[in-house]
Structure formats: C-alpha cells, structure tokens
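Reviewing the structure listed below.
What follows is calculated from the coordinates using simple rules that are stated; it is not laboratory data. Note that the structure is predicted; figures quoted are calculated from it, not measured. Cβ placement follows ideal geometry from the backbone for every residue including glycine, while neighbour counts extend to all protein chains displayed.
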Amino acid sequence: MFRSLSAKNLRTSANLGVTSSVKQYSKTTDDISFSKKLSDGPQLDDFLSGSATKYEGKLKLEKGETTRLRLPPWLKTEIPMGENYSRIKSQLRELKLATVCEEARCPNIGECWGGGAHGTATATIMLMGDTCTRGCRFCSIKTARTPPALDPNEPENTATAVTAWGLDYVVLTSVDRDDLSDGGAHHIAETIRELKKRSNILVEALVPDFSGKEDCIKTIVESKLDVFAHNIETVERLTPFVRDRRARYRQSLRVLEGAKKVNPELITKSSIMLGLGETDEEVETTMRDLREAGVDALTLGQYMQPTKRHLKVIEYVTPEKFKSWEELGGNLGFLYTASGPLVRSSYKAGEFFLTNILKERRSQRAEDNPQS
C-alpha cells in the first residue's frame, strides 16, 4: 500500500464519499516538515478499513423539519450479483413465485441469495401473491381490498423450487389476507408440510397476526415448522401511525404468546425497526414486552424509506447504538439478538439460527433418543 495520502489520493477519497479530519499543514508554521507530518498521519489503509473515518452528516430530523436525511455510508450496499443469485431469480420467475426480498426492496438480497461469507444461502418466499389487504406506511408491497385468489399449486411449487435450490434455511412469509376466513393459515401450513416431505431444510414462517385468531396460530404451529416469527415492527406509541389500523401492538404480543402455548419448545421470533422517532426507553420497553411474551429471538434493524410516498426516516441509528441493543438483548435473555443497520427480520436467517440454535437442538434430541 502507499506510504502516505497525497493531495490526489485525498481528492479520490472525497469522491468516494470518504470524510476525514485530516488537517492541512503549512511547511512554514512548524519545525517539523510537511512531508514528515503527512507520513505520520493517516495512511490509505486507515481510510479503507474505516478506522480513520467519522460520518459528520446529519443523522436525525428535528421536530417540524420537512427535509430528508442523506444516507450514511454504513447503509450503502453493493449491487446484487453472482451465480446463485441469478439462478434463484430465474427459477422464481419460471414458477411465478414472489419473494419479500424483492417486493420489500431488501438491501441484503445479493448476500442472502448468494450465500454470503459463510456460504449459507437463504431466501424469503412470499406466499399468497404479491398484494396485501393491509396498508402499513413503511411497506412497499402493493395493496388491495380483494387480492387475486390463492394459487392452489403454490405450496407444491414452492417446495419443489426450494428443494432444488439446495438452501439450508428458508423463510416463508406472506401478505396479509383479511379477505380469507383463516387469513391464509391453512395455505401457509400446507406449504410447510410440503417442504418437510421433501428435505430436512429448516423452515421459519414469518406470519401475519390472523386478526388474533387462536385456531389460525395453532394451524401454523402444528405444521411442524422450526421457527414461528411475527413482527412487532415498532414501539407501542408509534404503532397506530406506522402499521395498518388493524395491526395492534398488544395483539401482536398475544400472537407470539399463543404460539408458545401450543408448543412451548418452539422458537419464536420478532423484529423491531428503528429510526421512526422512537425513544431509547420505548425500545427497551418493547424488548422487555417481547421477552415477557416468551419470544426467543429478536432482530433490530434500520427503517429505510422505500419510496417518497412512505414514512420518512426520522433518524439513522449508528452501528454503535445497534451494538448496545444487541448487548441488552443478551442481558434480557433472548437466545439470539441480531442488531445492526442492515439487519432485517429474515436477514442471513440460516447463519443466525442454523448454526446457533436449531442444529444444536437436533443433535441434542438425537443424543437423548438414539433409538428414534
């Protein structure tokens, strides 16, 4: 690497969005030579590693401000690419399957579909079409009062595709279907059963609240899924402004509690978006509420405004703050807390659960019941 950053190097760094606090030195105002000071200052390695950078842009809107915050550097991601990414996308189109990765414009799609650094490929399939009956103000999925009818072949098509991809872990999510008497619970459960027939893949279902109907929650749990997930999304005060009016904070807690009642051994999971105007006290209260509801795993990530029609970002939360929430999650007793700016409810799900929880439990059961 270069020994020092020349003026040309500094201009290049500035063009790449790198900021620094490197001072301009004068040869005539100090006994030490300009070249010596430059040599002793930050090197190019420091800028590339991020150790000499500090973002000085605005991170939070004040009350009444109507401007939009600029995206900080830690939220900028690479364009999706790679053989596995292309293969999965092509097969999705062929089988007319939707993914929340695409519909919700997730920034981690390339890493998850491609397998990431650890080679665990994951995908999040969105069942029951691409049109939701609810209109949450943070979500880019299209809405309608009466979406198209369910595709009866979807459970089998989904299982066929996922098995062919060779995924380690799959997340099944869905749109809300308040137009159906069971909210689509039987359709989701059938998809899980079809998957389990074909392979040992680990299945997480990120489900709607089913308007709080206990029989629908039971239907999902009894399908033998591995992780039952339902997102609380935000703190209680902001829920009426962020989520659809039919989605209620306490109702979401009851859904998670209900799954645990049906199967106390089932891993339950939820997620919180940050940056919508919540306070630290409210985030901590929400985390405690989730633990009291028996939730085992929690993810916290940065809210990103999908279009200008959606809620604005009030604050870009720093990586350091996310780290503090991860530490609190551990102290509160969550089995796993994934907290970071780019973390999503199903972000790198295979790595989070495959290696940390589910396989360990399978191994333990095998040791306890060697004849089964």
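Side notes on the structure shown:
- For peptides 311-317, 363-369, sequence by mean Cβ density within 10 Å, most packed first: 311-317, 363-369
- Each peptide in 226-234, 141-149 receives the mean, over its residues, of other Cβ atoms within 10 Å, and ordering these scores from highest gives 226-234, 141-149.
- Stokes-Einstein D in µm²/s, Kirkwood radius over Cα pairs - the range 220-341 at 4 °C with 1.567 mPa s viscosity: 87 µm²/s
- Dimensions of the range 197-286 from C-alpha coordinates, computed as largest minus smallest value along each principal axis and given longest first, are 44, 24, 21 Å.
- Sites K63 and K308, calculated FRET efficiency, Cβ-Cβ separation with R0 22 Å, nearest 0.05: 0.60
- A simple count of charges around L150, restricted to other residues whose Cβ falls under 12 Å of its Cβ and scoring Lys, Arg +1 and Asp, Glu -1, yields -4.
- Within-13-Å neighbourhood charge of E292 [Cβ basis; K, R +1; D, E -1]: +1
- Pairwise FRET efficiency - T285 versus E214, Cβ, R0 = 25 Å, nearest 0.05: 0.45
- Potential lengthening between E156 and E360 on full extension [0.36 nm per residue; Cα-Cα distance subtracted]: 70.5 nm
- Per-selection Kirkwood Rh - the range 136-255 (Cα, Å, 1 d.p.): 15.3 Å
- Net charge of neighbours whose Cβ lies under 9 Å from the Cβ of A229, counting Lys and Arg as +1 and Asp and Glu as -1: 0
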